[in-house]
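Working notes, structure below.
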Amino acid sequence: MIISVPATSANLGPGFDSLGLSLDFRNTFYISPSSMQSIKITGEGEDFYKLKTDNAFVKIFSTILDNQNLKFSFEFENKIPISRGMGSSSAVISAAITAAYYFRYGNIDKQQVLNTALYYESHPDNLTPAIFGGFNVAVLERNEVVHTKFEVPDELRAIMVIPNRSMSTKYSRQKLPKKYSTQDSVYNLSRSSLMVAAFSQRKWDLLRVASKDKFHQYSRMKQFPILFAVQKLALEKGALMSALSGSGSSFINICHKDDCLQIAQALSDRFRGFRVLDLGFDNDGLRVEHT
Ligand code: HSE
């Protein structure tokens, strides 16, 4: 079986734990029954010994499959950077559940994959676009995800700036305020609503105001202050919006197709130690490429 899952970018500024979109940049997972269990990793994480000995995909897959007599060979072609806020865990979790459901029950239901995935990652803002593609609003209701999606057109691209250090989601969540003022809550919910309207009506000029946030970005960026300079330069060079991708450390800079080359160039000239990727958006989400 071959499954591919796209990278994602969550929060998009004010939509904390709710908004997310998917990027045209995929990890591919190859799973086949075999006489011997084996794991091969190429690309991101190929040098991390621990990823082979204590692999999240294999653990989730084996738990759901629950059959000790079957052995598999696993090959993972990883493009999504690890611990950079681009949804690498969501890709692994959703692919592992999909593969296990296929080998156990012979069918796959994306909604069921999403609801099961919540057990392994408690916020749905990366999982939902990873599985369904596009720009998503995701809401938790009684341990299930209620969600809706808009397709993102070709006229937009994302310039991802990927720093050379990671930021842990778990650690940075602990540092966030436990309470928010009414004023800050209104600030975020009004902008998050505006962002949904911008994507639904394709009014891209709204994104700059819509992407401002008072919940999480400042306290996270303070841990790695060069990110303020990334955001400033991207906006100066014409990005429609510039936001921390998930809990960081990457930044997503959304721009018109015609502007992306010069924005990407300016960012890579200035932040030489960081990777800069010029990516399109994805509207498919998780794909079973072959069974
Ligand atoms: N929304 C999460 C956070 C990251 O900001 O901590 C992605 O699930």
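Annotations for the structure displayed:
- So SER219, is it within 21 Å of SER83 (Cα to Cα), part of a loop (DSSP other than H, G, I, E, B) and modelled with pLDDT under 95: no
- Qualifying position, being in contact (Cβ under 8 Å) with a residue 12 or more places away in the chain, out of contact with any helix residue (DSSP H, G or I) (no Cβ under 9 Å at 6 or more places or on another chain), more than 16 Å from the ligand (Cβ to nearest atom) and not small (Gly, Ala, Ser), among GLU75, GLU141, GLU155: GLU75
- For the range 161-173, a residue qualifies if it is surrounded by 14 or more Cβ atoms within 10 Å (Cβ to Cβ), under 16 Å from the mean Cα position of the chain (by Cα) and under 26 Å from ILE97 (Cβ atoms), and the qualifying residues are SER166, MET167, THR169.
- Within this structure, VAL113 fails the test of being touching a residue at least 60 places away in the same chain (Cβ under 8 Å), not assigned by TED's automatic domain parsing to the domain that holds LEU235 and not in a helix (DSSP H, G or I).
- Annotation note: of PHE76, PHE25, the sole residue that is in contact with a Leu (Cβ under 9 Å, 6 or more places away or on another chain) and farther than 29 Å from ALA197 by Cα is PHE76.
- Residue in the range 43-52 that is modelled with pLDDT of 95 or more and either within 22 Å of ASN143 (Cβ to Cβ) or more than 20 Å from the chain's Cα centre (by Cα) (or both) present: no
- Members of the range 63-97 found to be in a strand (DSSP E or B) and of a type outside the set (S, T, N, Q), listed by number: PHE72, PHE74, GLU75, PHE76, GLU77
- A Cβ distance below 8 Å, combined with a sequence gap of six or more or placement on separate chains, defines the contacts here; from the range 172-197, residues that are more than 12 Å from the ligand (Cβ to nearest atom) reach residues that are modelled with pLDDT under 95 in the pairs PRO177/SER219.
- Residues being part of a strand (DSSP E or B) and closer than 18 Å to ALA243 by Cβ - total across the range 253-291: 10
- Selection over the range 236-281 of residues that are surrounded by fewer than 24 Cβ atoms within 10 Å (Cβ to Cβ) and on the phi > 0 side of the Ramachandran plot gives a count of 1.
- Verdict on SER94 being more than 11 Å from the ligand (Cβ to nearest atom), at pLDDT 95 or above and among the hydroxyl-bearing types (Ser, Thr, Tyr): yes
- Residues being loosely packed, with under 14 Cβ neighbours inside 10 Å, among the charged types (D, E, K, R) and either in a helix (DSSP H, G or I) or within 20 Å of the chain's Cα centre (by Cα) (or both) - total across the range 174-205: 1
- Test for ILE60: is it in a helix (DSSP H, G or I) and either free of Cβ contacts under 8 Å to residues at least 24 places away in the same chain or crowded, with 19+ Cβ neighbours inside 10 Å (or both): yes
- ILE82 among the aliphatic types (A, V, I, L, M), within 18 Å of LEU51 (Cβ to Cβ), outside the structural domain of ALA243 (by TED's automatic domain parsing) and away from the ligand (no atom under 12 Å from the Cβ): yes
The values are calculated or read from the model by the stated rules, or taken from the named source; none is laboratory data. Values in this document were obtained by computation on a predicted structure and should not be read as measured data. Here the Cβ is made from the backbone with ideal geometry for all residues, glycine too, and neighbour counts use every protein chain on show.
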